[in-house]
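Visitor: Below: one structure in structure tokens.
The values are calculated or read from the model by the stated rules, or taken from the named source; none is laboratory data. Quick caveat: nothing in here was measured; it's all calculated off a predicted structure. When we count neighbours, we look across all protein chains shown, and the Cβ atoms used for this are built from the backbone with ideal geometry, even at glycine. The protein model used for the area step is the full one, side chains on, heavy atoms only, and it has no ligands, DNA or RNA in it. Shrake-Rupley method; radii C 1.70, N 1.55, O 1.52, S 1.80 Å.
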Amino acid sequence: QVQLEESGGGLAQAGGSLRLSCVASGRTAITESMGWFRQTPGKEREFVAAIMWTGGTNYADSVKGRFAISRDNAKNTVYLQMNSLKPEDTAVYSCARGRRVVPGKRVEEYDYWGQGTQVTVSS
């Protein structure tokens, strides 16, 4: 079993920044990819960003240039730095462990999920 716990969400103004963290515990494999997704009420979960063990990254077009995903493998932690926030970034953000080394954009490519952390951006 793998446990994922997010933190760092909260309220920010448009144009502001937040940094999310996701700590993994349990039987974590060192070669897994990790991803961030977000979801708003009534909508499907949306891919945000993903990172390989080696540091290779993948981003949704909507956040490219504004968000940055990184990881500290020694701490089993993945981060999502969110800059130039927009009201449409408001959502519950969840981290997830990828099933494969190369991270994908589809929900079914991830097997363990955190509970999520709320991010609210005011205009």
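Visitor: Would you check if ASP61 is assigned to a loop (DSSP other than H, G, I, E, B) and either at pLDDT 95 or above or open to solvent by less than 70 Å² (accessible area, probe 1.4 Å) (or both)?
Guide: yes
Visitor: So, in region 105-119, exactly how many residues are assigned to a strand (DSSP E or B) and surrounded by 15 or more Cβ atoms within 10 Å (Cβ to Cβ)?
Guide: In the first step, residues of region 105-119 are kept if they are assigned to a strand (DSSP E or B); the result is 110-113, 117-119.
Imposing the further condition that a residue be surrounded by 15 or more Cβ atoms within 10 Å (Cβ to Cβ) reduces the set to 110, 112-113, 117, 119.
Of the residues in region 105-119, 5 are assigned to a strand (DSSP E or B) and surrounded by 15 or more Cβ atoms within 10 Å (Cβ to Cβ).
Visitor: Within region 74-104, can you find the residues that are loosely packed, with under 14 Cβ neighbours inside 10 Å, of a type outside the set (A, V, I, L, M, F, W, C) and out of contact with any helix residue (DSSP H, G or I) (no Cβ under 9 Å at 6 or more places or on another chain)?
Guide: Selection gives LYS75, SER84, PRO87, GLU88.
Visitor: Please determine, by comparing only the residues of region 48-57 that are over 16 Å from VAL119 (Cα atoms) and within 11 Å of the chain's Cα centre (by Cα), which one is surrounded by the fewest Cβ atoms within 10 Å (Cβ to Cβ).
Guide: Only one residue tops the list, namely ILE51.
Visitor: Within region 34-47, can you find the residues that are over 11 Å from CYS95 (Cα atoms), open to solvent by less than 80 Å² (accessible area, probe 1.4 Å) and either of a type in the set (Gly, Ala, Ser) or part of a strand (DSSP E or B) (or both)?
Guide: GLN39, GLU46 - these are the residues of region 34-47 that are over 11 Å from CYS95 (Cα atoms), open to solvent by less than 80 Å² (accessible area, probe 1.4 Å) and either of a type in the set (Gly, Ala, Ser) or part of a strand (DSSP E or B) (or both).
Visitor: Quick one: what pairs do we get from region 64-80, first residue at positive phi, second of a type in the set (A, V, I, L, M, F, W, C) and open to solvent by less than 50 Å² (accessible area, probe 1.4 Å), C-beta under 7 Å, 6+ apart or different chains?
Guide: What qualifies is ASN76/ALA24.
Visitor: Another question, if that's okay. Please work out which residue is nearest to GLN118 (Cα to Cα), limiting yourself to region 23-41 and to residues that are modelled with pLDDT under 95 and of a type in the set (Gly, Ala, Ser).
Guide: In this case the residue turns out to be ALA24.
Visitor: Restricting to region 18-58, what's the tally of residues that are polar (S, T, N, Q) and touching a Ser or Thr at 6+ places or on another chain (Cβ under 8 Å)?
Guide: So the answer is 3.
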